[in-house]
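Asker: Before I ask anything, let me first share the structure, which is written out below as structure tokens.
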Amino acid sequence: MRSALFLLFTAALTIQAQGLEYVKAHYTKYEYEIAMRDGKKLFTSVYLPKDPSEKYPILLNRTPYSVAPYGVDNYKTDLGPNPEFAKQGFIFVYQDVRGRNMSEGTFVNMTPHLDRKNGKADVDESSDTYDTIDWLVKNLPNNNGKVGQWGISYPGFYTAAGMIDAHPALKASSPQAPISDWFVGDDFHHNGAFYLPHAFRFFNGFGRPRPEPARPPANRPADLLGPDGYRFFLDMGPLSTANEKYFKNDVAFWNDIAKHPNYDQFWQSRNLRPHIRNVKHAVMTVGGWFDAENLFGALKVYESNENNSPGAFNMLVMGPWFHGGWSRGDGDSLGLVKFNSKTSVYYREKIELPFFNHYLKDKPDPKLPEAYVFETGTNVWRMEEKWPPRNAQSATLYFHANGKLSFDAPTAAGNDEYLADPMKPVPFISGQAPGMTREHMVDDQRQAASRPDVLVYQSDVLDADVTIAGPLHPKLFVSTTGTDADFVVKLVDVYADDYPDPDPNPTGVRMAGYQQLVRGEIFRARFRKAFDKPEPMTPGKVETIEYQMPDILHTFRKGHRIMIQVQSSWFPLADRNPQKYVENIFDAKPSDFIKATQKVYFGGSQASSVKVLVRR
């Protein structure tokens, strides 16, 4: 998260630097320390329009990453969710959340929400947002009494938390790539598996202690990984060595992660989803189909609000974006995959700005749909009255003998097997990178398909388009010679043999037969029955692994093929499973890492498959 946000921030400076003089000419900056109900003061920067001829709504962004630059003479180069907002006229407010940078109090990662507050000492992000809004509408001149909030990634979490038990002045919220659950699907864990380089790089900087309010350090901590994350983490050895070699017990939340390998109260209390209910104001949740960090959070925050806030305006926007990609750039491609239009520009001009203008400035209703979603493959925007679409019908992709994949159930039963070696894990990309890449979400899977420890199931050439819309549900019947295992399921679009190459084509890539990752997700088998109650596997016993993968909206075009790959490592994206059951993988020793033969069964009563929704 930190590395991606840093890249987003530095790139944004390049794109938006021309806005500085405009901001200074049209806005005046003020700084306040706003007292919360428990007396702690949160540092807040405010940019007020200089034109006093009208009243303006307030747009609030609460962040753990700093409201820099500090000092009333030092201005941001741009204001609001995108550059058009400053031209429209809003009061922009940025706040360091409790315990971060210049704000008082103790910082708590993913602050647990308190449904019941018994006194002024009981505070959370909902109450801090409420108290901030209450002060703003009572003290800022020329405000029209309406407040909106937005944030991307961790600030998206603060936006979602601020929606709960909201101040009556809050009229519109846009949580964008919000964190909702750090164990099940956001950022650092996916179905119990640990996203190692992402967590390592993020907490190496963000997790260092801050004993008292202070501006963020001028220099970021050095990146320890070097250019080849695969080799770095393989040489690092078991997870316990990260603290011994690098963190030296200086990163408190890394220690917390190590102490809580299961979905216990520590993680459950940080699951925001059950608390998102009875939201009265308008909400627009935004995410990217190819967001490697908080795709899960965007889908689940929308889903929770949809299910638990009847009657409220609640919409979902999903585009073909990496983490935060909708907020800058054109959004016309990712890696080698082209989307044939400027999707990010379209979102900012046609969706985001009209949403806030309508609910905060009483401008005409833009008639936004329930779900504004970009369909990859055909590369078109779709407006749906429900998500998943009403006309999406359940279908099942079955594994067959000889690597065949079909919507028809197999007539013969059997199994495929491979040897999984944790000392030679399957790389998540074909080249080198210091950590998690944003492009891996659409990368070519031909390198993986050629390995003996990856199973490949492929359909016949499609004679018509097939559009899959919604979540994917793998159901694997598996056995292992070990006592624990990971299983990665990947849905892949195999391009037609006549698919054109890029022009220009400096790397000489051949797109014919390109295996584009559409969705991939890992599952740690010890959690097959419950995330809070891990169980070892019995060697040789057939077990069922069933889970949900994040939604897609993708059309496999006529002439393409549908492929599913199954493997037991995805390194170093996810940490290595020792394949010998240990109570806590953070305590695993080198001798615990063993080779294991994994079998995947098909046909009969053990028909491994992936259930999907096909739009008719």
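Asker: Given a Förster distance of 51 angstrom, what is the FRET efficiency for SER53 paired with ALA121, based on the Cβ-Cβ distance and rounded to 0.05?
Answerer: With R0 = 51 Å, the Cβ-Cβ based efficiency is 0.70.
Asker: What FRET efficiency comes out for the pair ALA312/LYS475, r = Cβ-Cβ distance, R0 = 51 Å, nearest 0.05?
Answerer: Computed FRET efficiency for ALA312 and LYS475 comes out at 0.90.
Asker: Would you mind calculating the gained length between ASP264 and ASP587 on full extension (0.36 nm times residue separation, minus the Cα-Cα distance), in nm to one decimal?
Answerer: Between ASP264 and ASP587, full extension yields an extra 114.5 nm.
Asker: Projecting each Cα onto the charge dipole of the chain (Lys/Arg +1, Asp/Glu -1 at the beta carbon, about the Cα centre), which of SER153, ASN142, PRO366 comes out farthest on the positive side?
Answerer: Going by the charge dipole, the pick is ASN142.
Asker: Normalising by the residue count of the stretch 249-309, find the relative contact order in percent from Cα pairs under 8 Å and 6+ residues apart.
Answerer: About 35 percent, as a whole number.
Asker: Mind giving me the nanometre distance, one decimal, between the label points for LYS41 and ALA530, set 7 Å out from Cα along Cα→Cβ?
Answerer: 4.8 nm
Asker: Can you compute the helix-only [θ] at 222 nm over the chain? Use -39500 (n - 2.57) per DSSP H run of at least 4 residues, normalise by all residues, nearest 500 deg cm²/dmol.
Answerer: -5000 deg cm²/dmol
Asker: Amide H to amide H, which residues 5 or more places from SER309 or on other chains are under 5 Å from it, using H placed in the peptide plane?
Answerer: Placed amide hydrogens put ASN278 under 5 Å from SER309.
Asker: Enumerate the helices in the chain for which the Kyte-Doolittle hydropathy averages 1.0 or more and the C-alpha atoms extend at least 24 Å along the helix's axis, using complete DSSP H runs.
Answerer: Helices meeting the span and hydropathy rule in the chain: none at all.
Asker: Express the relative contact order of the stretch 147-216 as a whole percentage, based on alpha carbon pairs under 8 Å and six or more residues apart in sequence.
Answerer: Once divided by the residue count of the stretch 147-216, the mean separation gives 24 percent.
Asker: If packing is taken as the average count of other Cβ atoms within 10 Å, what order do 351-359, 497-505 fall into, highest mean first?
Answerer: 351-359, 497-505
Asker: What number do you get for the stretch 128-232 when its Cα radius of gyration is normalised by 2.2 N^0.38 Å, N = residues?
Answerer: Values: Rg = 18.3 Å, N = 105, 2.2 N^0.38 = 12.9 Å.
Dividing the Cα radius of gyration by 2.2 N^0.38 Å gives 1.42.
Asker: Starting from the Cα of LYS589, draw a straight line to each of the aspartates and glutamates and keep only those under 20 Å, dropping any in the same chain fewer than 8 residues away.
Answerer: By straight Cα distance, LYS589 reaches ASP235, GLU244, ASP256, ASP421, ASP484, ASP486, GLU535, ASP575.
Asker: For the stretch 373-498, what is the charge dipole size about the Cα centre, in debye to the nearest 20, if Lys and Arg each add +1 at the Cβ and Asp and Glu each add -1 at the Cβ?
Answerer: Approximately 340 debye in magnitude.
Asker: Moving on. Which order, highest average first, do 297-304, 512-519, 309-316, 489-496 follow once you tally other Cβ atoms within 10 Å for each residue and take the mean per peptide? Please list the in-between numbers first.
Answerer: Working: 297-304: 25.9, 512-519: 20.4, 309-316: 16.9, 489-496: 22.6.
Taking the mean over residues of other Cβ atoms within 10 Å, the ranking is 297-304, 489-496, 512-519, 309-316.
Asker: What accessible area per residue comes out for the chain, rounded to a whole number of Å², with a 1.4 Å probe? Intermediate values should be presented prior to the final figure.
Answerer: Numbers: 23760 Å² over 616 residues.
Accessible area per residue: 39 Å².
Asker: If you take every residue apart from GLU384 with its C-beta less than 9 Å away from the C-beta of GLU384, what net charge results, scoring Lys and Arg +1 and Asp and Glu -1?
Answerer: Counting the neighbours of GLU384, the net charge comes to +1.
Asker: Given LYS475/LYS529; LYS55/LYS146; LYS55/LYS350, which pairs have Cα atoms separated by over 18 Å?
Answerer: Table pairs above 18 Å Cα-Cα are LYS55/LYS350.
Asker: Sticking with this structure for a sec: Give me the extension gain from SER605 to GLU417: residue separation times 0.36 nm, minus the current Cα-Cα distance, reported in nm with one decimal.
Answerer: Full extension from SER605 to GLU417 adds 65.9 nm.
Asker: Between beta-carbons, use under 15 Å as the cut-off and find the net charge around VAL137, counting Lys and Arg +1, Asp and Glu -1.
Answerer: +2
Asker: Right, something else. Which value, in debye to the nearest 20, describes the size of the charge dipole of the stretch 277-393 about its Cα centre when Lys and Arg Cβ atoms bear +1, Asp and Glu Cβ atoms bear -1, and nothing else is charged?
Answerer: Values: 14 positive and 14 negative charges, 35 e Å.
For this selection, approximately 160 debye.
Asker: Find the relative contact order for the chain and round it to a whole percent, using C-alpha pairs within less than 8 Å whose residues are 6+ positions apart. Display every interim value, and only then the final one.
Answerer: Numbers: 1424 pairs, mean separation 88.1, N = 616.
The normalised contact order for the chain reaches 14 percent.
Asker: If you don't mind, another one. Leaving out ligands, DNA and RNA, and with a 1.4 Å probe, what % of the accessible surface on the stretch 356-503 is carbon or sulfur? Working shown, then result.
Answerer: Details: 3050 of 6520 Å².
Accessible surface attributable to carbon and sulfur in the stretch 356-503 totals 47 percent.
Asker: Out of these labelled values of volume of the Cα convex hull per residue in Å³, [x] 150; [y] 228; [z] 452, which was calculated from the coordinates shown here?
Answerer: It is the value labelled [x].
Asker: Specify whether the C-alpha gyration tensor of the stretch 251-359 places it in the rounded, prolate or oblate class, a ≥ b ≥ c being the square roots of the eigenvalues: rounded for a/c under 1.5, otherwise prolate if a/b is larger than b/c and oblate if not.
Answerer: Since a/c reaches 1.5 but b/c is at least a/b, the shape of the stretch 251-359 is classed as oblate.
Asker: For the chain, give me the percentage of DSSP beta bridges that are antiparallel, rounded to the nearest 5 percent.
Answerer: 70 percent
The values are calculated or read from the model by the stated rules, or taken from the named source; none is laboratory data. On a predicted model such as this, the values are computed, not experimentally measured, just so you know. All Cβ positions, even for glycine, are placed from backbone atoms using ideal geometry, and neighbour counts span all protein chains on display. Protein only, heavy atoms only, side chains kept; ligands, DNA and RNA dropped before computing areas. Shrake-Rupley method; radii C 1.70, N 1.55, O 1.52, S 1.80 Å.
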